[in-house]
Amino acid sequence: MKDLQNYDEEFEEYYDDENDSQFISVLAFISKWFIRIGLVIAVILFVYYIISGKATTGLLFLLGLVVAYFFGYGFMFLLDKLVDSN
């Protein structure tokens, strides 16, 4: 039992909550701007397709975005369930 207590104390010495919270906040910042830039690019492409007279291509573009979103959501849902079950 003494080894387990020593392990816990050593683990607490090296575990730094501040670094983890900074890392998470940096990832959240990058994610937020990545989403915003992706939305701007998607809107510009859709407007381009409509202006250039390629409405069918624009609708297929939107359909592709919706399918990709639900595929990613479903994949992450299944991944979370598989990891959580162990």
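The values are calculated or read from the model by the stated rules, or taken from the named source; none is laboratory data. Bear in mind that the values here come from a model prediction, so they are computed numbers and not experimental data. Glycine gets a Cβ as well: all are built from the backbone with ideal geometry, and neighbour counts include every protein chain shown. What goes into the accessible areas is simple: the full protein's heavy atoms, side chains included, and nothing from ligands, DNA or RNA. Shrake-Rupley method; radii C 1.70, N 1.55, O 1.52, S 1.80 Å.
Within the range 71-84, track down each residue that is exposed (fewer than 10 other Cβ atoms within 10 Å of the Cβ) and hydrophobic (A, V, I, L, M, F, W, C).
Going through the range 71-84, the residues exposed (fewer than 10 other Cβ atoms within 10 Å of the Cβ) turn out to be 81-84.
Listed by number, the residues that qualify are L82, V83.
Taken over the range 31-53, the criterion of being open to solvent by less than 100 Å² (accessible area, probe 1.4 Å) and without any contact (Cβ under 8 Å) to a residue 12 or more places away in the chain is satisfied by S31, K32, I35, I37, G38, V40, I41, V43, V47, I50, S52, G53.
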